[in-house]
Amino acid sequence: MEPCDFVLFGTLGDLARRKLLPSLYQLEKAQLIAPETTIVGVARSESTDEKYVSLVRESLEKFMKEPIEDSVWESFARRLRYVNIDLMQSNQYSRLRDYVDQAQRETVNYCAVAPSLFGAICQGLSTAGLATERARVVLEKPIGKDLASSKVINDAVGAFFHEGQVYRIDHYLGKETVLNLLALRFANSIFTTNWDHNTIDHVQITVAEEVGIEGRWGYFDQSGQLRDMVQNHLLQILTLVAIEPPVALDSDSIRNEKLKVLKALRPITRDNVDEKTVRGQYTAGFLTGGAVPGYLEEEGGNTRSNTETFAALRVDIDNWRWADVPFYLRTGKRMTTKRSEVVIHFKSMPHNIFKESYRKLPANRLIIRLQPDEGVDIEVMNKVPGLGKGVHLQRTKLDLSFTDTFKNERIPDAYERLLLEAMRGNPALFIRRDEVEQAWTWVDSIQNSWAAQNEAPKPYAAGTWGPIASITLLARDGREWDE
Ligand code: BG6
């Protein structure tokens, strides 16, 4: 791998401390960071390298589950430098020049800050002469809150960096199990040849969260679950389930195919938004840890918000492969448990010869568990052993659990993979501008239809699977959610 320097803007923020610094430590431990690489933390407050190093140590101790190893820490700490920059002051970016050496190495500039600052950072890097071909920028979500605002952000960045230098994060694309969707589909002929409207009845994608909004009312209330989760994470999962076989694993082959799926999403408009979507908002309820407040009672909240904390949708993909195969998506905060999965429901048998013991044969299901308890199940019908009259059938599971099968492999955090790919200069797992914009175009139509309706979201008690209306959404099509 070509060595690079790594600049972390927003190094004192929550994301950097909770996720990015621990992930960099793990890469150090796996010896995946080139010896020459310097990690430069950037924030506004004045500080010293020594103070920064101890702050990083504190973050690792607080946010990593495993103990820090002395030898790993020593080599990691040796790379750490701190630079204070007021991100709005272009003339201060020249301070970085003492730390990054573009004559020798490329620079990865990771923007773990509010998107409104992305443009200022790029401008500052340019003023300092650091926005060269030897630099890339990594952008955290959200890239805007609709198509128009995403264009403003992308233009501000695009004024200094061309598309090949811009790495937009969707951390779901760093998750092992999400990447495994490609392996399952394109390394197994049993799936490759049974993956269309001929054999699949419908697909369900659930990303249920147990957490609430975790003190982020200000951000979340302006966003809501559709923009916060569906526009990015759920649509990315959907595209990987739905894409045509890419010719290769290179970045543009995959991203071109994903874009085609996004373009084929049937628009949800004012005419059909009622039958195709459900919005919910949690009220007080109970989770494993005890009683929790409702969304409107969360700290910093107001009592009149109509922001949704749950969304369920019926999505149709207008292409040959997925004709008449609905994709049902649902995601919510404060649901019964944290569970993300894709369930492929195959079609039922056209003729049942086991009527005597099973009036209606259940269809096969392929359950891809994304998190937690990562794995893949296939449900198949089997004969129950025995000499009794008739053939008794039972639905049984072929169960591949990642933790049992790959016992000696650690499942890396999504950010470890993404930081590594950004350092390697491989954009395949990052979102291209046309993908972001296509996803916003589709989501904007839903958001605008909801706004025009001006209805309160349906209440659901924290600790449940969402509002009753989400059950009706599937019941109308004669189906039900997997629970
Ligand atoms: C983030 C959202 O992108 O993803 C959060 O902003 C959400 O609201 C989080 O909780 C979920 O990520 P994960 O990896 O815990 O499923």
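Restricting attention to the stretch 83-121, the residues being over 25 Å from the mean Cα position of the chain (by Cα) and not polar (S, T, N, Q) number 17. All of (1) within 16 Å of the ligand (Cβ to nearest atom); (2) in contact (Cβ under 8 Å) with a residue 60 or more places away in the chain hold for ARG216 with one exception: (2).
Could you run through the stretch 327-366 and say how many residues are part of a loop (DSSP other than H, G, I, E, B) and in contact with a helix residue (DSSP H, G or I) (Cβ under 9 Å, 6 or more places away or on another chain)? Working first, answer last.
As a first pass, look at the stretch 327-366 and keep what is part of a loop (DSSP other than H, G, I, E, B): 333-334, 336-338, 347-364.
Cutting the leftovers down to in contact with a helix residue (DSSP H, G or I) (Cβ under 9 Å, 6 or more places away or on another chain) gives us 333-334.
The number of residues fulfilling the criteria is 2.
Residue-wise test of (1) within 16 Å of the chain's Cα centre (by Cα); (2) more than 9 Å from the ligand (Cβ to nearest atom); (3) under 30 Å from GLY13 (Cβ atoms); (4) aliphatic (A, V, I, L, M).
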| position | (1), (2), (3), (4) |
| --- | --- |
| LEU181 | yes, yes, no, yes |
| TRP195 | no, yes, no, no |
| LEU226 | yes, yes, yes, yes |
| GLN231 | yes, yes, yes, no |
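Quick one: is PHE310 aromatic (Phe, Trp, Tyr) and within 16 Å of the ligand (Cβ to nearest atom)? Answer is yes for this residue.
Taking the options LEU387, LEU398, name whichever one is loosely packed, with under 12 Cβ neighbours inside 10 Å and touching a strand residue (DSSP E or B) at 6+ places or on another chain (Cβ under 7 Å). If you could, list the steps in order and put the result at the bottom.
Numbers: LEU387 fails: touching a strand residue (DSSP E or B) at 6+ places or on another chain (Cβ under 7 Å).
Going through LEU387, LEU398 in turn, just one is loosely packed, with under 12 Cβ neighbours inside 10 Å and touching a strand residue (DSSP E or B) at 6+ places or on another chain (Cβ under 7 Å): LEU398.
What number of residues within the stretch 142-170 satisfy the criterion of being within 13 Å of the ligand (Cβ to nearest atom) and either out of contact with any His (no Cβ under 8 Å at 6 or more places or on another chain) or among the small types (Gly, Ala, Ser) (or both)?
Filtering the stretch 142-170 down to residues within 13 Å of the ligand (Cβ to nearest atom) leaves 142-143, 145, 168-170.
Adding the requirement that they be either out of contact with any His (no Cβ under 8 Å at 6 or more places or on another chain) or among the small types (Gly, Ala, Ser) (or both) leaves 142-143, 145, 168-169.
Summing the residues that are within 13 Å of the ligand (Cβ to nearest atom) and either out of contact with any His (no Cβ under 8 Å at 6 or more places or on another chain) or among the small types (Gly, Ala, Ser) (or both) in the stretch 142-170 gives 5.
Yes/no matrix, rows are residues, columns are (1) touching a residue at least 24 places away in the same chain (Cβ under 8 Å); (2) buried (at least 22 other Cβ atoms within 10 Å of the Cβ):
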{"position": "LEU27", "(1), (2)": "yes, no"}
{"position": "ILE33", "(1), (2)": "yes, yes"}
{"position": "THR37", "(1), (2)": "yes, no"}
{"position": "GLY41", "(1), (2)": "yes, yes"}
{"position": "SER47", "(1), (2)": "yes, no"}
{"position": "LYS51", "(1), (2)": "yes, no"}
{"position": "VAL56", "(1), (2)": "yes, yes"}
{"position": "GLU61", "(1), (2)": "no, no"}
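Pairing each residue of the stretch 143-166 that is closer than 14 Å to VAL443 by Cβ with any residue that is assigned to a helix (DSSP H, G or I) and among the basic types (Lys, Arg), provided the two are 6+ apart or on different chains, yields C-beta distances under 7 Å for LYS145/ARG227. The lone criterion from (1) among the hydrophobic types (A, V, I, L, M, F, W, C); (2) in a helix (DSSP H, G or I); (3) in contact (Cβ under 8 Å) with a residue 60 or more places away in the chain left unmet by ALA183 is number (3).
Values quoted throughout were computed directly from the atomic coordinates according to the rules given, and no laboratory measurement underlies them. Remember, it's a predicted structure, so these values are computed and weren't measured experimentally. Cβ coordinates were reconstructed from backbone atoms using ideal geometry, including for glycine residues, and neighbour counts include every protein chain displayed.
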